[in-house]
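Worksheet: the structure to be examined is printed underneath.
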Amino acid sequence: MRFGLVSGNINFAGSGRSIVIPLAKALNKAGHEVYLIDVSPGLSSHTTDSETSFHVFKVGPFSALLRQPWLVGKYFTKTKRLPWMTAYELNRVLHKLPIDVVYVFSNVHVLPVLLRAPLERAITVINLIGFGISPDRGGPENTFRFQSEIFSRPMWEIQACATEFEYKAYKRVYEELLLDPRKLQFMPHSYDDSLFFPDDGVVRDRKQIVYPVAVYPRKNIEMLLEVTAKLANITPIDVIITGPIVDQNYFNYLQDRCIELGISQSVSFFKGRLNSGQLADLLRGTDLVLFPSFQETFGIGIVESLACGVPVLLPNDIPALRQFNSLKGVHIVDRVVDSFVEVARNLLGTPLFHNEKVAVADEVRQQFSNTIVARNLVIACREAIAVRQKLRDLNWEGLYDDQPFVESMFQRERSHEST
């Protein structure tokens, strides 16, 4: 099969590094052709990954302008037109590529494009996570906000929920809208199982704790610093926050807080970006991962840590993380500093043996490795293709004529604005 994976940050950290690329690698390794389509702002580019044979395309308003200068005076002067231009470019690229499946990883870059782009050429899978409608991002009223736009679109054959909590919440939406429940599937994000695996790592005199997150307020790093201050009085420790720094003011506050708590020598921040291989090497030498975040939509850093055989300490009040509660190596505590300190002290005092690390990694691999998730995705897509072929004949021929097509898209927007 031929897959087009669409995301807004393929070349960056977050979902690009940890989710889209691992899935692309697994699909490619299994013999499927893969096209990565980056719809984040920027100039047009087309490259081939150095380690695999999948292709990378970058589309957006700027690539539209490079090909269609006539758009400048007509549409580019209004910022709200940019999603339409990106939607136009996305459809143009998709119609020229010989793809069977479009898998859209939703995020802030993709949402306005996706709601305007008539993705009708191939089987379409939309990953609901990242829309800002996750149930732990404001409750059910936020979940239902986009229901008319997202759930009722017949072109999306599969709507994938990355967490069990989301699946249950969206299932209620399906029931209310009387939609086909077969379209809604639990399809978790995955990690690269060729990079994240257990090892004994380097033996150190000091215990090492890692928090694999970007630096901004909702990650609640100040709580980690308070836990560190108390643990440092019990045992020598090094604490590493992997970065990158998203909020400079918050980072400055954290540095001041380290000075106040007297732990500046124990806490390190990676100010750049770790690639997946570097993060995996760091985790293999880690004794414990603390995760006091206020908000998570999936928690890929948790999965990657467990895949390296590292125990993880989680708060008990984030719904999306409940799917990890029963996994080996996961420890759940109240969101209280002393609770974190007590459990962390016990875990640091009783490190896992190698066979225990392997058991932790094996369990998470069976559910979240990119090999397993890619296999399940292919099965789901083949079933969806069979259903579609029964409903109508697929027409894979024909390309959009550029100018009339984009004119028709903007005409629809003007009609919508007038009403």
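A few comments on the model shown:
- A count restricted to region 130-172 and to residues that are touching a strand residue (DSSP E or B) at 6+ places or on another chain (Cβ under 9 Å), within 20 Å of residue 297 (Cα to Cα) and at pLDDT below 75 stands at 3.
- Filter pass, residue 191 being touching an Asp or Glu at 6+ places or on another chain (Cβ under 8 Å), under 30 Å from residue 157 (Cβ atoms) and touching a residue at least 12 places away in the same chain (Cβ under 8 Å): yes
- Applying a threshold of 6 Å to beta carbon distances and a minimum spacing of six or more residues, or different chains, the list of pairs starting in region 362-379 at a residue that is within 15 Å of residue 163 (Cα to Cα) and ending at one that is among the acidic types (Asp, Glu) reads 369/193.
- Subset tally (residues that are surrounded by fewer than 20 Cβ atoms within 10 Å (Cβ to Cβ) and either in a helix (DSSP H, G or I) or touching a Cys at 6+ places or on another chain (Cβ under 6 Å) (or both)) for region 348-364: 9
- Of all residues in region 203-225 being in a loop (DSSP other than H, G, I, E, B) and either more than 19 Å from the chain's Cα centre (by Cα) or not assigned by TED's automatic domain parsing to the domain that holds residue 242 (or both), the one that is nearest to residue 318 (Cα to Cα): 220
- Residue ID - farthest from the chain's Cα centre (by Cα), chosen from residues in region 321-337 that are surrounded by 20 or more Cβ atoms within 10 Å (Cβ to Cβ) and under 18 Å from residue 350 (Cα atoms): 329
- Within region 13-39, considering residues that are modelled with pLDDT under 70 and on the phi < 0 side of the Ramachandran plot, the one surrounded by the most Cβ atoms within 10 Å (Cβ to Cβ): 15
- When we screen 318, 240, 259, 234 for residues that are aliphatic (A, V, I, L, M), in contact (Cβ under 8 Å) with a residue 40 or more places away in the chain and surrounded by fewer than 15 Cβ atoms within 10 Å (Cβ to Cβ), the only hit is 234.
- When region 262-280 is filtered for residues that are surrounded by fewer than 17 Cβ atoms within 10 Å (Cβ to Cβ) and either closer than 28 Å to residue 162 by Cα or in contact with a His (Cβ under 8 Å, 6 or more places away or on another chain) (or both), the ones remaining, listed by number, are 272, 273, 275, 277, 278.
- Filter result for residue 302 (surrounded by 20 or more Cβ atoms within 10 Å (Cβ to Cβ) and touching a strand residue (DSSP E or B) at 6+ places or on another chain (Cβ under 9 Å)): yes
- The helices (runs of 4 or more DSSP H) located wholly in region 246-309 that include 1 or more residues which are modelled with pLDDT under 90 and in contact with a Leu (Cβ under 6 Å, 6 or more places away or on another chain) occupy 276-284.
Rundown of residues vs (1) touching a residue at least 24 places away in the same chain (Cβ under 8 Å); (2) touching a helix residue (DSSP H, G or I) at 6+ places or on another chain (Cβ under 8 Å); (3) assigned by TED's automatic domain parsing to the domain that holds residue 19; (4) farther than 23 Å from residue 292 by Cβ, yes/no style:
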position: 170; (1), (2), (3), (4): yes, yes, yes, yes
position: 186; (1), (2), (3), (4): yes, yes, yes, yes
position: 195; (1), (2), (3), (4): yes, yes, no, yes
position: 230; (1), (2), (3), (4): yes, yes, no, no
position: 245; (1), (2), (3), (4): yes, yes, no, no
position: 249; (1), (2), (3), (4): no, no, no, no
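The values are calculated or read from the model by the stated rules, or taken from the named source; none is laboratory data. Every value quoted in this text rests on a predicted model; they were computed, and no experiment measured them. Please note: Cβ atoms are built from the backbone with ideal geometry, for glycine as well, and neighbour counts cover all protein chains shown.
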